[in-house]
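Student: Can you read through this structure? Questions will come right after.
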Amino acid sequence: MKVLVTGGLGFIGSHTVVSLLENGYEVVIVDNLYNSKMDALDGIEKITGTRPKFYKLDCTSVSDMDELFKNEHFDAIINFAGYKAVGESVKLPLNYYQNNLDICFALFRAMEKYDVRNFVFSSSATVYGLPDRVPLTEDSPVKDATSPYGETKVMIERILKDMAFIHKERNIAILRYFNPIGAHKSGLLGEDPNGIPNNLLPYINKVAVGVLKELSVYGNDYETVDGTGVRDYIHVVDLARGHVLALRKLETNPGLVIYNLGTGKGTSVLEVIHAYEEATGVKIPYKFAPRRAGDVPINYAATEKAENELGFKCLYDIKDACLDGYNFQKAELERQKEKEEKKVVKTL
Ligand code: WQD
């Protein structure tokens, strides 16, 4: 089966490409390198021994996607491409709506023209908005998301449902991720956002390696186990495997299916800090700070549907993810220092 992975050099995309290759799929990657690096392609090759075909393209281009689909005959698409920074989306809503929706329109037009019938969409637990109750099941109400980023996920899910209603021959998997963290055990793939990280684990990783001084814990007065926010942190390698299982499910022609991909366990910010310190032996200095606008107090997944219908179960826990993320951050820092030193030598 030949699979197009858009955003395939990104954090979740690159790990999913590894899992697809390890399970015998042929993979073609498209990425515009807006929020990723070519290093990820080198990492994929080192891990799997295969260097997938790569196109540096912007998925919003209808003409580029048409040319790609004309030359490459795909059996399935996994779409990771899109802007994903919640805070940035609040400041630049039009950019987020236009980019994330245009990507889908370009892909859906190409799918229609070249009769590609299998589509996996990278959605997010953010579509549940402020949950009435936890754990969240796939039948929990989809609400107004807490950001334009989240709203793009809600809108694209709506478009997919309408398409599936008309095109009975289409098989579509909507995967709602909770909080992806960690990195590949090789230290070759992981999450290293530019600038100051918005998300918890990338921030802690930079504190752990001394790039940032201390963590600000946003709010310690929530009605949770210790007053800090609770989330469902899933190892990115488990999440990647979930995509392979979803593709297998589409081969049974199920039509449109929706799955939460999480661990089913809620972990507070303080519990994450303690797990990270235990897993790595590194002390994480922190201070309490005011709540962050848009944060929900608690959310975590009900996992029965993915377990029963996909056979999906997480193999790694929060400490595995903390250690793998830390090891990746250390290795990435080393690689960046080596690149800087080579630049200095060249200029001498
Ligand atoms: C987790 C917890 C914060 C940073 C977002 C998106 C979601 C998905 C994952 C894309 C919260 C606290 C955080 C910090 C902190 N992204 N925190 N100090 O907000 O649950 O989810 O990222 O798909 O769609 O909404 O993740 O890691 O930002 O926050 O105390 O410096 O950590 O308040 O309780 P979030 P997060």
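The values are calculated or read from the model by the stated rules, or taken from the named source; none is laboratory data. From a predicted model like this one, the values you see are computed outputs, not experimental measurements. Here the Cβ positions follow ideal geometry from the backbone for every residue, glycine too, while neighbour counts run over all protein chains shown.
Student: Return a yes/no flag: does the stretch 16-25 have any residue that is under 15 Å from the mean Cα position of the chain (by Cα), modelled with pLDDT of 95 or more, closer than 30 Å to Asp295 by Cβ and part of a helix (DSSP H, G or I).
Tutor: Yes, there is a match, as at least one residue in the stretch 16-25 is under 15 Å from the mean Cα position of the chain (by Cα), modelled with pLDDT of 95 or more, closer than 30 Å to Asp295 by Cβ and part of a helix (DSSP H, G or I).
Student: Continuing with this model, one more query. What do you reckon, is Gly150 in a loop (DSSP other than H, G, I, E, B) and within 13 Å of the ligand (Cβ to nearest atom)?
Tutor: For Gly150, the condition - in a loop (DSSP other than H, G, I, E, B) and within 13 Å of the ligand (Cβ to nearest atom) - is not met.
Student: Sticking with this one: Restricting to the stretch 69-103, what's the tally of residues that are in a helix (DSSP H, G or I) and buried (at least 16 other Cβ atoms within 10 Å of the Cβ)? Give the steps one after another, and end with the answer.
Tutor: Pass one, the stretch 69-103, residues in a helix (DSSP H, G or I): 69-71, 86-91, 93-103.
Now narrow it down to the ones that are buried (at least 16 other Cβ atoms within 10 Å of the Cβ): 69, 86, 88-89, 96-97, 99-103.
Qualifying residue count for the region: 11.
Student: Looking only at residues in the stretch 266-287 that are outside any helix (DSSP H, G or I) and more than 9 Å from the ligand (Cβ to nearest atom), which one is surrounded by the fewest Cβ atoms within 10 Å (Cβ to Cβ)?
Tutor: Checking each candidate, the answer is Lys287.
Student: Still on this structure: Could you check how many residues of the stretch 140-187 are of a type in the set (D, E, K, R) and out of contact with any strand residue (DSSP E or B) (no Cβ under 9 Å at 6 or more places or on another chain)?
Tutor: Residues that pass the stated criteria total 8.
Table: residues versus (1) in a loop (DSSP other than H, G, I, E, B); (2) away from the ligand (no atom under 11 Å from the Cβ).
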position: Val142; (1), (2): yes, yes
position: Ile156; (1), (2): no, yes
position: Pro202; (1), (2): no, no
position: Lys206; (1), (2): no, no
position: Val217; (1), (2): no, no
position: Asn220; (1), (2): yes, no
position: Thr224; (1), (2): yes, no
position: Thr228; (1), (2): yes, no
position: Ile234; (1), (2): no, no
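Student: Working only within the stretch 107-128, note down all residues that are assigned to a strand (DSSP E or B), in contact with a Lys or Arg (Cβ under 8 Å, 6 or more places away or on another chain) and within 16 Å of the ligand (Cβ to nearest atom).
Tutor: Answer for the stretch 107-128, where residues must be assigned to a strand (DSSP E or B), in contact with a Lys or Arg (Cβ under 8 Å, 6 or more places away or on another chain) and within 16 Å of the ligand (Cβ to nearest atom): Ser123, Ser124.
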